[in-house]
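The values are calculated or read from the model by the stated rules, or taken from the named source; none is laboratory data. From a predicted model like this one, the values you see are computed outputs, not experimental measurements. Methodologically, a virtual Cβ is constructed for each residue, glycine included, from the backbone with ideal geometry; neighbour enumeration extends over all protein chains shown.
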Amino acid sequence: MNGPFADYKWVALAHDWAVFGEGFANTVLVSFFALVLALALGVLFGVLGSSKLKSFQVITRVYVESIQNTPLVIQVFFLYHGLPHLGVMLPIFAVGVLGVGIYHGAYISEAVRAGIQAVPRGQLEAAYSQGFSFWSAMRHIILPQAKRMALPPMTNQAVSLIKNTCAYP
């Protein structure tokens, strides 16, 4: 039998299980750290993108548009081959975490921003009337409500992030 489930392929898998185990462990580690980075960047830029200050909105748009409009492989290629020309040497693991984390952080920031915009405007105004600052209103009032709208697309991004880490060490 010569197909995807041929016996000799299972024998090779059993013989070289350590290689596959190491690849699985690297995928789990890179996925975990990249997801933490992506969530931190996503929430930060999502909140900044929904603020009234034009400078924050411009910074967010530049980040999101520049990251979303370049392929992930180009960004990782730049981190691995371009940064050494600038005097910055990163380990391969850090390149994987930064590349995938920054890439998916842009997509998560859009999900967070959309979730924040789905919360009725009166909620933020009510928070201001109670003496909350912008950041405390976001933390205690707006973001807990926005997570209901942002969680499904963020889950999709987490799955996509895990799939994208399989190609990196």
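Tabulated results
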{"quantity": "Positions within the range 1-56 being within 29 Å of the chain's Cα centre (by Cα) and not in a helix (DSSP H, G or I), in sequence order", "calculated": "50, 51, 52, 53"}
{"quantity": "Single residue of 60, 70 found to be of a type in the set (Val, Ile, Thr) and farther than 23 Å from residue 142 by Cβ", "calculated": "70"}
{"quantity": "Any hit, the range 73-85, residues being loosely packed, with under 14 Cβ neighbours inside 10 Å, over 17 Å from residue 39 (Cβ atoms) and either β-branched (Val, Ile, Thr) or in contact with a Leu (Cβ under 6 Å, 6 or more places away or on another chain) (or both)", "calculated": "yes"}
{"quantity": "Index of the failed condition, residue 100 passing every other in (1) within 26 Å of residue 159 (Cβ to Cβ); (2) surrounded by 13 or more Cβ atoms within 10 Å (Cβ to Cβ); (3) out of contact with any Ser or Thr (no Cβ under 8 Å at 6 or more places or on another chain); (4) touching a residue at least 12 places away in the same chain (Cβ under 8 Å)", "calculated": "(3)"}
{"quantity": "Unique residue being assigned to a helix (DSSP H, G or I), among the small types (Gly, Ala, Ser) and within 18 Å of the chain's Cα centre (by Cα) when the list is 105, 122, 82", "calculated": "105"}
{"quantity": "Of the criteria (1) within 30 Å of residue 25 (Cβ to Cβ); (2) out of contact with any helix residue (DSSP H, G or I) (no Cβ under 8 Å at 6 or more places or on another chain), which one residue 62 fails", "calculated": "(1)"}
{"quantity": "Criterion (touching a residue at least 12 places away in the same chain (Cβ under 8 Å), closer than 22 Å to residue 39 by Cβ and surrounded by fewer than 19 Cβ atoms within 10 Å (Cβ to Cβ)) met by exactly one of 61, 113", "calculated": "61"}
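To keep it simple, each residue is scored yes or no on (1) of a type outside the set (Ser, Thr, Tyr); (2) surrounded by fewer than 10 Cβ atoms within 10 Å (Cβ to Cβ); (3) at pLDDT 95 or above; (4) over 22 Å from residue 149 (Cβ atoms).
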position	(1), (2), (3), (4)
1	yes, yes, no, yes
29	yes, no, no, yes
38	yes, no, yes, no
41	yes, no, yes, no
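Matching residues to (1) in contact with a Ser or Thr (Cβ under 6 Å, 6 or more places away or on another chain); (2) under 24 Å from residue 156 (Cβ atoms); (3) touching a residue at least 60 places away in the same chain (Cβ under 8 Å):
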{"site": "37", "(1), (2), (3)": "no, yes, yes"}
{"site": "40", "(1), (2), (3)": "no, yes, yes"}
{"site": "46", "(1), (2), (3)": "yes, yes, yes"}
{"site": "50", "(1), (2), (3)": "no, yes, yes"}
{"site": "71", "(1), (2), (3)": "no, yes, no"}
{"site": "89", "(1), (2), (3)": "no, no, no"}
